[in-house]
1. Which of the residues spanning segment 121-137 are within 25 Å of Gly51 (Cα to Cα) and over 21 Å from the mean Cα position of the chain (by Cα)?
2. So, in segment 96-105, of the ones that are of a type in the set (S, T, N, Q) and within 14 Å of Asn195 (Cβ to Cβ), which residue ends up modelled with the lowest pLDDT?
3. Does Arg93 satisfy the condition of being within 16 Å of the chain's Cα centre (by Cα) and either closer than 30 Å to Glu34 by Cβ or at pLDDT 90 or above (or both)?
4. Does segment 155-163 contain any residue that is outside any strand (DSSP E or B) and either at positive phi or out of contact with any His (no Cβ under 9 Å at 6 or more places or on another chain) (or both)?
5. Looking for whichever is of a type in the set (Lys, Arg) and touching a residue at least 60 places away in the same chain (Cβ under 8 Å) here; the options are Lys164, Lys127. Which one fits?
6. Take the residues in segment 171-185 that are surrounded by 19 or more Cβ atoms within 10 Å (Cβ to Cβ) and within 30 Å of Asp59 (Cα to Cα), then tell me which one is modelled with the lowest pLDDT.
7. List the number of the failed condition for Ser109; all other conditions in (1) in contact with a Gly (Cβ under 6 Å, 6 or more places away or on another chain); (2) at pLDDT below 85 hold.
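The values are calculated or read from the model by the stated rules, or taken from the named source; none is laboratory data. Since the structure is predicted, the reported quantities are computational estimates derived from the model, not experimental observations. Positions of Cβ are backbone-derived with ideal geometry, glycine not excepted, and every protein chain shown enters the neighbour counts.
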Amino acid sequence: MRTILTNTLMIAVVGVVAAACSSTPKGPEFAPAEVIQRIGDKKKTPEWATGEKTAFEEDGKAIFVNSLTMSGDARVEACMRGAEETARAKFVRYIQEGITTSGQVNELSATQDPGVEALTAFLAQGKLSGVKTIERYWEKRVESTSTGTRELKVYCAAKMGVEKGILEKQLRDAMNGGQQGNPEVRQKLLDAQKNFIDNFGKEASAK
């Protein structure tokens, strides 16, 4: 009798648990993004436009890539312009941070050197020239929102580049354009610049 009662209770508990589980509402389901249209009817997204790499060297050029996603009703050209403009701004910031935040420069308080100030001003004032749009890309795709609903989006990517030799000369001239400061700091700054140019994008790729 006791065994029958125990079994009955166990069955009842299992039934309650099963009912509770079945009544628990399911969370949103997120389906993978689906591309429905690409620029020039391309078959797939170019590797450079996937967003996996933002800075790298290619054919002697320093390359920087920026991507942007807008709502599906946005104009493609507006999305592309936004990607390009943001790419230029991020490119300049990447250069500045890559040089002035290097360990060897920070050790010598390079922020007090006129060369650093001259370089910062040069970049902040948008004087860097030679940066061109090498390639553009866009695609329209359907993505899942945070609630699981599907929305149309426009994804754009801009590939910007400048010859490394041209970039190096402009940065060197900008640094040397400042008043003479501490020679040791100035040399460290020039060394940091050369190291940045020689290894452009390698640090970003390693992250």
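1. Ser129, Gly130
2. First, pick out the residues of segment 96-105 that are of a type in the set (S, T, N, Q): 96, 100-102, 104.
Checking which are within 14 Å of Asn195 (Cβ to Cβ) leaves us with 100-102, 104.
Working: Thr100: 73, Thr101: 71, Ser102: 62, Gln104: 56.
Among those that are of a type in the set (S, T, N, Q) and within 14 Å of Asn195 (Cβ to Cβ), it is Gln104.
3. Working: within 16 Å of the chain's Cα centre (by Cα): yes; either closer than 30 Å to Glu34 by Cβ or at pLDDT 90 or above (or both): yes.
When the stated conditions are applied, Arg93 passes them.
4. Let us first name the residues in segment 155-163 that are outside any strand (DSSP E or B), namely none.
Scanning segment 155-163, I find no residue that is outside any strand (DSSP E or B) and either at positive phi or out of contact with any His (no Cβ under 9 Å at 6 or more places or on another chain) (or both), so the answer is no.
5. Values: Lys127 fails: touching a residue at least 60 places away in the same chain (Cβ under 8 Å).
Only one candidate passes the filter, namely Lys164.
6. Among those that are surrounded by 19 or more Cβ atoms within 10 Å (Cβ to Cβ) and within 30 Å of Asp59 (Cα to Cα), it is Met175.
7. With (1) in contact with a Gly (Cβ under 6 Å, 6 or more places away or on another chain); (2) at pLDDT below 85 applied to Ser109, the lone miss is (1).
For (1) in a helix (DSSP H, G or I); (2) at pLDDT below 65; (3) charged (D, E, K, R), each residue gets a yes or a no:
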position: Asn7; (1), (2), (3): yes, yes, no
position: Val13; (1), (2), (3): yes, yes, no
position: Val16; (1), (2), (3): yes, yes, no
position: Glu29; (1), (2), (3): no, no, yes
position: Glu52; (1), (2), (3): no, no, yes
position: Glu57; (1), (2), (3): no, no, yes
position: Ala62; (1), (2), (3): no, no, no
position: Ser67; (1), (2), (3): no, no, no
position: Gly82; (1), (2), (3): yes, no, no
